[in-house]
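Below is one structure, written out as structure tokens; comments come after it.
The values are calculated or read from the model by the stated rules, or taken from the named source; none is laboratory data. All values reported here derive from a predicted model rather than from experimental measurement. Counting neighbours? That spans all protein chains shown, and the Cβs are built from the backbone with ideal geometry, glycine included.
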Ligand code: AGP
């Protein structure tokens, strides 16, 4: 997830671009860059790291008068955060910035004999445009031919000496807004950078593209020219960064349905999984897997362990990093050591990784922040591409971590031939429905908001589930603890009768995860035992359960992982709505930090 800005006008091009990127830094800050075209003079500046590095680089750059400019702040998905990989990307006489993932960039790259300087997918856009321009001789036609060739998600801004004073733009799968104020034209990934500049905005829809110049925006939907639907711009920057949601956590819960698509992009194919980050040589000789992480990432790891054993029949253990570090573990060279971390900076996880590397194990990190300490140390990394997660309570990082692990389990199953090809296809089809399973429906959210008022007190919560729904129960309990400060425990449902059921009474709330397609009868009888002892039950299930005091009905998906994902969203919303009722700071709960970089 990156941020892009664009400007056409005569008022401080550089200031608008840099201030606009500052407003978008929450979308990514691995590197940043701007390009400005005045008459036929093209200027470009790029810097790795935080935006202030770019500000320093441009301190002696003072473009005066009319021009067009584009800017970009990067959250790496393809290619390390380096200056060469920073946007804007350059052709011979054109520059482009892009947010999204071009899924077919490798195929396009093969067809181009241009000199590529970066590892990114984006660079193909500007070289393809210039090739098309050579053939079609008309910039607008060349731009349309370029975007027609792209597969994947994109929000693009392109400037070129072949069309001074103009910005070409296109939107498909990634957000893009065009704003205007008299002769001045603005572009941005969200409305925050436009506040105080544009008077009215048009939110582009997928398939919309066009060309803008001073005082004019020509907009097309596919091949038909249409009139932009301008509306007044929201004026609250903080609200704009939260996209109109109350908290970053709420925004990030709603984002999951979109970001999961980026996680799968280029990896989930119709009938198989591929990882450009892995190869058979790397996997060669691996007979077991050890996963190591903390907190929510540990719960994702536990979920992945179930999937890897179920699908790839490979022995997996999953350990809490702070325990693993001091237990004098037995490590064998045929073990793949996987660390999972949203931040890539968690001290215990980083130290565990160092132990594995010192023991000579192959290491793989599943991480959301490229160039982080863990990414730099691991032999290989698979990025979750969740975009920046600002809420301390992790949501989209968790669901994208589990997706990477589900794809990894399928990848190993393909290599070890533990699944018939039709079973692999069935898993791929199920995965493709994950965005729908993660989608938040307002009716569901309102139901959870209403029933949350009954769970503000009491002497504790049990979250229970079986099989892969046990780590999900752990995660649901952690979400609640973190932001509501109420006590909660996740438990394997089959364990209740080995002691915990002694706690059962009306003041003990049990949140029961009851999927239709995984041990339903077993979990049902566990919940009946609790209900018979008068415990207050909140059942989350696609199957009506008459013994529940509260019942949250979920969809009837055919695959248990789609049930898993929908229930993950229910648990996230439940924790958030309870915390809101208790008046807590959902985004910055007490005693916690987003990244635990100390022991
Ligand atoms: C999750 O909601 C918590 N904020 C916390 O448990 C977190 O998952 C843990 O600290 C690990 O962080 P990491 O994923 O950045 O390594």
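The table for this structure:
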{"quantity": "Identity of the residue in the stretch 1-17, at pLDDT 95 or above and touching a helix residue (DSSP H, G or I) at 6+ places or on another chain (Cβ under 6 Å), that ends up farthest from residue 388 (Cα to Cα)", "calculated": "7"}
{"quantity": "Evaluation of residue 519 against (1) at negative phi; (2) touching a helix residue (DSSP H, G or I) at 6+ places or on another chain (Cβ under 9 Å); (3) more than 16 Å from the ligand (Cβ to nearest atom) (one fails), failing number", "calculated": "(1)"}
{"quantity": "Long-range neighbours under 7 Å by Cβ, at least six apart or interchain, first residue at positive phi within the stretch 316-345, second within 14 Å of the ligand (Cβ to nearest atom)", "calculated": "344/367; 344/369; 344/372; 344/373; 344/374; 344/375"}
{"quantity": "The stretch 413-423, subset out of contact with any strand residue (DSSP E or B) (no Cβ under 8 Å at 6 or more places or on another chain) and touching a residue at least 60 places away in the same chain (Cβ under 8 Å), residue surrounded by the fewest Cβ atoms within 10 Å (Cβ to Cβ)", "calculated": "421"}
{"quantity": "Elements of type helices (runs of 4 or more DSSP H) in the stretch 412-526, at least 2 residues being within 16 Å of residue 569 (Cα to Cα)", "calculated": "434-438, 442-451, 469-484"}
{"quantity": "Some residue of the stretch 434-448 being within 16 Å of the ligand (Cβ to nearest atom) and over 30 Å from residue 489 (Cβ atoms)", "calculated": "no"}
{"quantity": "Matching entry among 55, 126 (being assigned to a helix (DSSP H, G or I), over 23 Å from the mean Cα position of the chain (by Cα), closer than 30 Å to residue 594 by Cβ and at pLDDT 95 or above)", "calculated": "55"}
{"quantity": "Residue 369 under 21 Å from residue 593 (Cβ atoms), assigned to a loop (DSSP other than H, G, I, E, B) and in contact with a helix residue (DSSP H, G or I) (Cβ under 9 Å, 6 or more places away or on another chain)", "calculated": "yes"}
{"quantity": "Filter result for residue 193 (surrounded by fewer than 19 Cβ atoms within 10 Å (Cβ to Cβ) and either under 24 Å from the mean Cα position of the chain (by Cα) or touching a residue at least 12 places away in the same chain (Cβ under 8 Å) (or both))", "calculated": "no"}
{"quantity": "Residue match in the stretch 495-502 (condition: modelled with pLDDT under 95, touching a helix residue (DSSP H, G or I) at 6+ places or on another chain (Cβ under 9 Å) and either under 30 Å from residue 261 (Cα atoms) or crowded, with 16+ Cβ neighbours inside 10 Å (or both))", "calculated": "yes"}
{"quantity": "Complete set of residues in the stretch 373-410 that are more than 18 Å from residue 262 (Cβ to Cβ) and either within 16 Å of the ligand (Cβ to nearest atom) or surrounded by fewer than 22 Cβ atoms within 10 Å (Cβ to Cβ) (or both)", "calculated": "373, 374, 376, 377, 378, 379, 380, 391, 392, 393"}
{"quantity": "Of all residues making up the stretch 554-589, the number that are under 28 Å from residue 241 (Cβ atoms), under 23 Å from the mean Cα position of the chain (by Cα) and not in a loop (DSSP other than H, G, I, E, B)", "calculated": "12"}
{"quantity": "Selection status of residue 97, under 30 Å from residue 10 (Cβ atoms) and assigned to a strand (DSSP E or B)", "calculated": "yes"}
{"quantity": "Positions within the stretch 454-468 being at pLDDT 95 or above and farther than 18 Å from residue 531 by Cβ, in sequence order", "calculated": "467, 468"}
{"quantity": "Subset of the stretch 363-372 [at pLDDT 95 or above and either more than 11 Å from the ligand (Cβ to nearest atom) or at positive phi (or both)]", "calculated": "363, 364"}
{"quantity": "Matching residues, the stretch 344-362, being within 11 Å of the ligand (Cβ to nearest atom), touching a strand residue (DSSP E or B) at 6+ places or on another chain (Cβ under 7 Å) and outside any helix (DSSP H, G or I)", "calculated": "344"}
{"quantity": "Helices (runs of 4 or more DSSP H) wholly inside the stretch 244-343 containing at least 3 residues that are more than 14 Å from the ligand (Cβ to nearest atom) and surrounded by 20 or more Cβ atoms within 10 Å (Cβ to Cβ)", "calculated": "248-264, 295-312"}
{"quantity": "Tally, over the stretch 202-243, of residues that are closer than 20 Å to residue 181 by Cβ, at pLDDT 95 or above and outside any loop (DSSP other than H, G, I, E, B)", "calculated": "9"}
{"quantity": "Qualifying residues in the stretch 103-115 (those that are modelled with pLDDT of 90 or more and part of a loop (DSSP other than H, G, I, E, B)) - the one farthest from residue 1 (Cα to Cα)", "calculated": "112"}
{"quantity": "Residue within the stretch 534-545 that is assigned to a loop (DSSP other than H, G, I, E, B), modelled with pLDDT of 95 or more, surrounded by 14 or more Cβ atoms within 10 Å (Cβ to Cβ) and more than 16 Å from the ligand (Cβ to nearest atom) present", "calculated": "yes"}
{"quantity": "Residue ID - nearest to residue 55 (Cα to Cα), chosen from residues in the stretch 85-94 that are touching a helix residue (DSSP H, G or I) at 6+ places or on another chain (Cβ under 6 Å) and not in a loop (DSSP other than H, G, I, E, B)", "calculated": "89"}
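Residues are listed down the side, and each one gets a yes or a no for (1) touching a strand residue (DSSP E or B) at 6+ places or on another chain (Cβ under 9 Å); (2) in a loop (DSSP other than H, G, I, E, B); (3) free of Cβ contacts under 8 Å to residues at least 24 places away in the same chain:
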{"position": "6", "(1), (2), (3)": "yes, no, no"}
{"position": "14", "(1), (2), (3)": "yes, no, no"}
{"position": "18", "(1), (2), (3)": "yes, no, no"}
{"position": "64", "(1), (2), (3)": "yes, yes, yes"}
{"position": "83", "(1), (2), (3)": "yes, yes, no"}
{"position": "101", "(1), (2), (3)": "yes, no, no"}
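Yes or no, residue by residue, for (1) within 13 Å of the ligand (Cβ to nearest atom); (2) in contact with a strand residue (DSSP E or B) (Cβ under 8 Å, 6 or more places away or on another chain):
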position	(1), (2)
455	no, yes
462	no, yes
465	no, yes
470	no, yes
473	no, yes
476	yes, yes
479	yes, no
482	yes, no
493	no, yes
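Residue-wise test of (1) out of contact with any strand residue (DSSP E or B) (no Cβ under 9 Å at 6 or more places or on another chain); (2) in contact (Cβ under 8 Å) with a residue 60 or more places away in the chain.
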residue	(1), (2)
516	no, no
521	yes, no
537	no, no
553	no, no
576	yes, yes
582	yes, yes
591	yes, no
595	no, yes
